[in-house]
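Structure first, then comments.
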Amino acid sequence: MAWPELPERPLVLVPVGATEQHGPHLPFDTDSVIAAETAEAVATRLVTSGRSVVVTPALAFGASGEHQSFAGTVSIGQEALRAVVIELVRSLSTWAGRIVLVIGHGGNMSTLVSAVPQLTDEGHDVSWVPCAPAGAPPEITDAHAGRLETSLMLFLRPGSVRQPLPGAGDTRPMRELLPLLTASGVGAVSSSGVLGDPTGATAEEGEELFASMTAEVERRIVRAQPDARGLLGRVGGRARHAGATGADGPRG
Ligand SMILES: [Zn+2]
């Protein structure tokens, strides 16, 4: 797109990804790919229904300190990410209508929880939504480089998924893992970097999960009811699976 083609005060979707290890089988840009593809698919659906929507390039670097013991991980940390998000939204607001950050990496969420309310206080129309399929069971919506991300990448970027798939990593739920990850990093709990279990992942499942995810993200954007943290929450209230890592909980 060139500037004369921009619609007036469009809804702007900003994919927010990461560059971090995703096990021995998925590429470093997995979270960025998922965020960008989700934003593009949602934008296409919204444009079809008559809205003005544009998608920015994906933010490729985020807060990935918990993956730093694996070579290839590139993290800018929470503080720098916070500054980036704040300046991006201030700049976007000069021409955008509404701004939605589409989040592919769970580790970025704690930054958004503090940055987005500040931006709202400044008068910007900004909120955020995680890339999470609606209603999928917890064993599929695992935390990092497991069944969910492997199926999604087999659908979105089949040539980038290394075979054979690795076995299960640490499969404990994220609420149990999170304190360990924060204290010691992913390497301390999983030598392969996988949290969850990619076994059984398929492109067909990835296609279904992607369709469910884009429909869910679209619903939340259309509903436009951010909570105090700026999160566009689940339509219909709380997630049905308490403790499911793939709901609004952190996912890598
Ligand atoms: Zn990921």
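The values are calculated or read from the model by the stated rules, or taken from the named source; none is laboratory data. Small disclaimer: the values here were computed from a predicted structure and weren't measured. So basically every Cβ, Gly included, is an ideal-geometry build from the backbone, and we count neighbours across all protein chains shown. Calculation scope for accessible area: heavy atoms of the full protein, side chains included, ligands and nucleic acids excluded. Shrake-Rupley method; radii C 1.70, N 1.55, O 1.52, S 1.80 Å.
Please specify each residue of the stretch 67-81 satisfying the condition of being crowded, with 19+ Cβ neighbours inside 10 Å and either over 18 Å from residue 181 (Cβ atoms) or free of Cβ contacts under 8 Å to residues at least 40 places away in the same chain (or both). Listed by number, the residues that qualify are 76, 81.
For the stretch 94-107, indicate whether the set of residues that are touching a residue at least 12 places away in the same chain (Cβ under 8 Å), in a loop (DSSP other than H, G, I, E, B) and within 16 Å of the ligand (Cβ to nearest atom) is non-empty.
yes
Only a single item in (1) at pLDDT 95 or above; (2) under 19 Å from the mean Cα position of the chain (by Cα); (3) of a type in the set (S, T, N, Q) is not met by residue 108, and it is number (1). Among the aromatic types (Phe, Trp, Tyr), away from the ligand (no atom under 16 Å from the Cβ) and closer than 20 Å to residue 19 by Cβ: does that describe residue 128? In short, yes. You will find that of 46, 26, the residue that is within 16 Å of the ligand (Cβ to nearest atom) and not aromatic (Phe, Trp, Tyr) is 26 and no other.
Applying a threshold of 8 Å to beta carbon distances and a minimum spacing of six or more residues, or different chains, the list of pairs starting in the stretch 14-28 at a residue that is under 25 Å from residue 96 (Cβ atoms) and ending at one that is polar (S, T, N, Q) and more than 10 Å from the ligand (Cβ to nearest atom) reads 14/56; 15/38; 15/56; 16/108; 18/75; 18/108.
Return yes when residue 90 is without any contact (Cβ under 8 Å) to a residue 60 or more places away in the chain and buried (at least 22 other Cβ atoms within 10 Å of the Cβ) and no when it is not. In short, no. What is the one condition in (1) outside any helix (DSSP H, G or I); (2) more than 16 Å from the ligand (Cβ to nearest atom) that residue 70 does not satisfy? Going through the list (1) outside any helix (DSSP H, G or I); (2) more than 16 Å from the ligand (Cβ to nearest atom), residue 70 breaks only (2).
Applying the selection to the stretch 1-37, what residues are part of a strand (DSSP E or B) and under 21 Å from residue 87 (Cβ atoms)?
Pass one, the stretch 1-37, residues part of a strand (DSSP E or B): 11-16, 19, 22, 26.
The answer is 11, 12, 13, 14, 15, 16, 19.
Here is a check on your reading of the model: is residue 227 open to solvent by 30 Å² or more (accessible area, probe 1.4 Å) and touching a helix residue (DSSP H, G or I) at 6+ places or on another chain (Cβ under 7 Å)? So that I can check it myself, show each step before the final result.
Working: open to solvent by 30 Å² or more (accessible area, probe 1.4 Å): yes; touching a helix residue (DSSP H, G or I) at 6+ places or on another chain (Cβ under 7 Å): no.
Answer is no for this residue.
Filtered by the rule that a residue be within 16 Å of the ligand (Cβ to nearest atom) and either modelled with pLDDT under 95 or not hydroxyl-bearing (Ser, Thr, Tyr) (or both), the stretch 1-23 gives 15, 16, 17, 18, 20, 21, 22, 23.
Can you spot a residue in the stretch 119-133 that is part of a helix (DSSP H, G or I) and open to solvent by 60 Å² or more (accessible area, probe 1.4 Å)? Reasoning before the result, please.
Kept after step one, since they are part of a helix (DSSP H, G or I), are these residues of the stretch 119-133: 119-121.
If we keep only those that are open to solvent by 60 Å² or more (accessible area, probe 1.4 Å) too, we end up with 120-121.
Checking the stretch 119-133: at least one residue is part of a helix (DSSP H, G or I) and open to solvent by 60 Å² or more (accessible area, probe 1.4 Å).
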